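First comes the structure, then the notes that go with it.
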Amino acid sequence: MEHLALPPGYLTTSMAAMAVGRQPATIRDWVRRGILHRAGGTPKRPYFRVDAVQAAAVAAKPTRPGQRAA
């Protein structure tokens, strides 16, 4: 279930994923890796600032040996 009323300029995890053409798991991974920070919500239903999601989508991602190229 999505948030019923989000503040303007904020996205849920699934909305953020759709906005940048990624999967929701990618958004959660960015949070775990410190690339994207929650702007509010609850631990299970966070929301994010639109500009932060867009910045995370173009940010240089750390690579690991053997990681597939995007």
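Laboratory data are not the source of any read-out in this text; all were calculated from the coordinates shown. Keep in mind that this is a model prediction, so the values were computed, not measured. Here the Cβ is made from the backbone with ideal geometry for all residues, glycine too, and neighbour counts use every protein chain on show.
Things worth noting here:
- A viscosity of 1.002 mPa s and a temperature of 20 °C, combined with the Kirkwood radius over Cα pairs in Stokes-Einstein, give a translational diffusion coefficient for segment 10-58 of 210 µm²/s.
- Pairwise label distance in nanometres, ASP51 with HIS37, each label 7 Å out on the Cα-Cβ vector: 1.4 nm
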